[in-house]
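The values are calculated or read from the model by the stated rules, or taken from the named source; none is laboratory data. Keep in mind that this is a model prediction, so the values were computed, not measured. No Cβ is skipped: glycine too gets one built from the backbone with ideal geometry, and neighbour counts run over all protein chains shown.
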Amino acid sequence: MAYFQEYSKCYAGSVVPQQCKLQADDYMECLHGKKAIARKQKITDEAHKQSQEVLQQRIQEEGPTISVGLIKSAAKSD
């Protein structure tokens, strides 16, 4: 509620509404959280990218997994 009060106070006392852009941005972020959602998504994407890089590095170092035929995969049903 404080963000709306700040925005409302600024808007009421300003000659040009563009003077209240910072307060309006804070209020809209408080309502919708778009910046926080975008930041969370960026962090998630980076974590996924790093885990994929680690996986690829392990595959290169250790080589691919070799099947010895003891367990049949579900894709190959006879």
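Tabulated data for the structure shown
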{"read-out": "Out of GLU61, GLU53, GLU29, GLU46, sole residue that is assigned to a helix (DSSP H, G or I) and modelled with pLDDT under 90", "value": "GLU61"}
{"read-out": "Yes/no for ASP45 being surrounded by 11 or more Cβ atoms within 10 Å (Cβ to Cβ) and free of Cβ contacts under 8 Å to residues at least 12 places away in the same chain", "value": "no"}
